[in-house]
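The values are calculated or read from the model by the stated rules, or taken from the named source; none is laboratory data. All values reported here derive from a predicted model rather than from experimental measurement. Methodologically, a virtual Cβ is constructed for each residue, glycine included, from the backbone with ideal geometry; neighbour enumeration extends over all protein chains shown.
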């Protein structure tokens, strides 16, 4: 039972899908060791993440073909997705999320390789470069949105990353840019969305007198802070917290939430279903 | 050191307030055993909750007078507020918050006495009455807001409660009604405000695909769901949760958050500062 | 797709179990709508909870027989376990867990029917009886363990409950008693086990100066506080908490944890695997 | 009001301490802006942390002398403790806590300066040195405890750190060593103490089948894992977690708890009272 295979399925829901998948796998002499499935009834979509083991390595192309034949037309099937993703990190000035990512990259526990860091300020260059990772300073100043994004895309073109991680990148990306990385841009927002969408969430949290603050990791879509949520967390605050204290407390959970979301995405545990996520933890 | 005294102070901030209070207390042979103070710099307000002990019981009126003289004009000072509050509970159809309150009332651990329950449905009568607490069914149907609230006020007039607890009371109260119970109406809202203000927060949470849901206890002001927040809590959810599952999970924290807020208010630990609370836990 | 069927499986692990189960269900024209499975590799046990739907109601006996034939010998299969369990609650003097259970019973949201309450003190009689539930006072005083338990068993004999809930029952049950209700007695312990097993956990938590306290719901086995854990939770405390304050804060989570555990058990989501539980939330 | 002064007091409890302190401060034209105090009744100790502001900078020596005169004999008073502490970090092979500390050091948000890292393995040298911090490899192999500790002490002698942080340092220090850094060694233990003291807490948590795991930051005393607890946190786990998964999940909270504890200690918010801490958050 040495050969392990991971299969991801997303398709229109229908009767007997689990049975059909199990049948194909049994015919290929593969044993299901762990299976997670979910039906989004609103979207009429079926999702499954299946870990298998077999004595022999399967013919991946044949397996893929047979699963696609067995499943409803248009099924999205992945057999053994690339285990180590390639990511580019976009930053502005704040270091806490980047620090966590680069440290994990250094010790090879990120589940991904950081190919480059792009900053619209030059502030995090020294920190990034000490990890021997290329830092590209692409300022938004004196450029319009189109020019700014063209520069970023040109730089990304050198690396062809699987995912972009916005690790406190404080610029809004255009619908055109986002469309090019559909379901592949992950952002960390410093509030428990949908509360405090947009700018200055900690200031607004302070002014509203909330007793907890939060952070949200989500895929970026064309609607600001409205994309599918991957992970969220909150932490208590009280009247003693100034805006600055909230920022400090918030950084801790921003880091934790983004880290959790990246783990889940890089392990192929996150599916997008309409404007929500299905997360097989 | 047998005589314990509790002193609450709210006043304009000024230099030396702690020293002035300590001076008055020392002159009355009272020892400070626990003191909490806070300065809201935005509102320029000083808040203190002081527990003292003395060999003799103090002359409360004299103490109050001396504190008021020592403090800035307009200071709001309370010496030994009534330890056991009197509350009326307003409900609609949901039982979970009421159940918790009446059980604590029964075993005398609520920190308050429930004088009556008022429902705009008759649904919770049997449950309430088995605790030997009067239940008043005041329907909103066929009445305009003014008539409906007049009926409630007439009923409340029999009891003169210190606080009204809206334990899942699904009607909006008019500014006039609220003004009559300023900082004395406590509501439980079934979301982590300011997310999902207004109606159907669980449905909207489901549709947004959040990964946590919450509850908020707050004082009621004339702006719907915008009053000073006393306590908040969240609990994780995931893609498996239907709206109904969220409602069930949410009831657990609604109950816990309302209970916590009531404890804090009934123990005189909550001050209102502008649109926020200062909570000396 | 009107007929819903719930199937629970526990058996020795083997190759192809999911496929075999799916095959049987497909042959019976049943569609898997939600499936959870887990393999405990240490115990070499397979666990599954399968929700199906079909146009016709299945022949439950035939389905059971076919599943047992398809699965390894000794497989434990349940088709459509009784949805509404019958429970007896054992108490001593503390009311908070009982209050929660009886309130849910009253409003039929417990997922079970409380057939009786047994107290080794008479303290909770009035509270129980106002819910029209029989209360049996069985004192342990002046009786040895055997006599005391014989009296309890005699009373239970009238009701034949599926589960016993120890809702702050402060007596230790003998191995003989426990053996008669294997995996059917649920206890709430007022600490995050394995910390503070045995008596006076809050006092010991206070003396140790912990910064969080907890509660644990578990199945009762012959080893005190060592049975399979179903649910656990913690809540923060600090130096201001006296033992009494910890007790008050602890009651809140005891209630929440026990409630959560009962929900899970009554919905047939909990399997026992050696000294652990598998919980399909 | 430009000159801010921080005062820390620990002394035998007595009548009128707050009044006496307030009197001294008022005489020095200093206004109390925030005050936290606590009386540990078991230990008969009084603790206070007082933030003051004044138009002129106080004569610190005079202020100290007057406070000591006003307070019970043996009072421990600190006026304006050094705001930026100097710390040495001791490690073995795990990087996650060290990574967090060095990143904060780099961006000057640790509230302390890391003067050196000492490892009993050489594993973390490259990571440490890229932050331009000296790394000392002091192996315990082939040395007895006394020799090993003598080498550490000699290295520490070059730096004279205020605190030692054991950031996953997997060796036990002798009572003699600990005595030399009384209340100045902070350890992170990978369980919610007192559960799973000693070695392999995650393995034991896995075997016990707990539903949450935790981490504890504490001062090191001569009793292993028994020192005063500064901060604790837990995170949920379930039957799907292998020991390795628990280790991964645990690292996240270890890092968060140690970071929180260090913040509190470095901001002079933590007092030791017997075997507990008083933490003015």
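Couple of notes before you dig in:
- Residue match in region D:164-172 (condition: surrounded by fewer than 17 Cβ atoms within 10 Å (Cβ to Cβ), over 22 Å from residue D:85 (Cα atoms) and in contact (Cβ under 8 Å) with a residue 60 or more places away in the chain): yes
- Set A:205, A:256, A:215: member being under 19 Å from the mean Cα position of the chain (by Cα), surrounded by 20 or more Cβ atoms within 10 Å (Cβ to Cβ), at the interface with another protein chain (Cβ under 10 Å from one of its Cβ atoms) and not in a loop (DSSP other than H, G, I, E, B): A:256
- Boolean, residue A:35 is farther than 22 Å from residue A:277 by Cβ, within 14 Å of chain C (Cβ to nearest Cβ) and crowded, with 17+ Cβ neighbours inside 10 Å: no
- Of all residues in region C:26-41, those being over 18 Å from residue C:270 (Cα atoms) and either touching a strand residue (DSSP E or B) at 6+ places or on another chain (Cβ under 6 Å) or touching a residue at least 60 places away in the same chain (Cβ under 8 Å) (or both) number 5.
- Whichever residue in region C:262-274 is at pLDDT 95 or above and in a loop (DSSP other than H, G, I, E, B) and, among such residues, is surrounded by the most Cβ atoms within 10 Å (Cβ to Cβ): C:268
To keep it simple, each residue is scored yes or no on (1) more than 18 Å from residue D:151 (Cβ to Cβ); (2) within 14 Å of chain A (Cβ to nearest Cβ).
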{"position": "D:86", "(1), (2)": "yes, no"}
{"position": "D:100", "(1), (2)": "yes, yes"}
{"position": "D:114", "(1), (2)": "yes, no"}
{"position": "D:124", "(1), (2)": "no, yes"}
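- The numbered conditions (1) part of a helix (DSSP H, G or I); (2) without any contact (Cβ under 8 Å) to a residue 60 or more places away in the chain; (3) within 10 Å of chain B (Cβ to nearest Cβ) are all true for residue A:192 except (1).
- Looking at D:117, D:210, D:178, just one residue is in a helix (DSSP H, G or I) and in contact (Cβ under 8 Å) with a residue 24 or more places away in the chain, and that residue is D:178.
Each row is one residue, and each column tells you yes or no for (1) crowded, with 17+ Cβ neighbours inside 10 Å; (2) within 14 Å of another protein chain (Cβ to nearest Cβ); (3) in contact (Cβ under 8 Å) with a residue 24 or more places away in the chain.
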site: B:56; (1), (2), (3): no, yes, yes
site: B:82; (1), (2), (3): no, no, yes
site: B:106; (1), (2), (3): yes, yes, yes
site: B:129; (1), (2), (3): no, yes, no
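- Selection status of residue B:273, touching a helix residue (DSSP H, G or I) at 6+ places or on another chain (Cβ under 9 Å) and within 10 Å of another protein chain (Cβ to nearest Cβ): no
- Being touching a strand residue (DSSP E or B) at 6+ places or on another chain (Cβ under 9 Å), within 14 Å of chain C (Cβ to nearest Cβ) and at pLDDT 90 or above holds for only one residue in A:9, A:77, A:15, and it is A:9.
- All positions within region D:12-36 that are assigned to a strand (DSSP E or B) and closer than 18 Å to residue D:80 by Cβ: D:30, D:31, D:32, D:33, D:34, D:35, D:36
- Residue count for region B:231-251, restricted to those that are within 23 Å of residue A:215 (Cβ to Cβ) and facing another protein chain (nearest Cβ under 9 Å): 8
- The condition of being buried (at least 16 other Cβ atoms within 10 Å of the Cβ) and either at pLDDT below 95 or within 24 Å of residue C:18 (Cβ to Cβ) (or both) does not hold for residue A:97.
- Single condition residue C:222 does not satisfy, out of (1) more than 10 Å from chain D (Cβ to nearest Cβ); (2) in contact with a helix residue (DSSP H, G or I) (Cβ under 8 Å, 6 or more places away or on another chain); (3) modelled with pLDDT of 95 or more: (3)
- Filtered residues of region D:131-154 (kept if free of Cβ contacts under 8 Å to residues at least 40 places away in the same chain and in a helix (DSSP H, G or I)): D:145, D:146, D:147, D:148, D:149, D:150, D:151, D:153, D:154
The rows are residues; the columns are (1) at pLDDT 95 or above; (2) touching a helix residue (DSSP H, G or I) at 6+ places or on another chain (Cβ under 9 Å); (3) within 15 Å of residue A:257 (Cβ to Cβ).
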{"position": "A:155", "(1), (2), (3)": "yes, no, no"}
{"position": "A:168", "(1), (2), (3)": "yes, yes, yes"}
{"position": "A:193", "(1), (2), (3)": "no, yes, yes"}
{"position": "A:209", "(1), (2), (3)": "yes, no, no"}
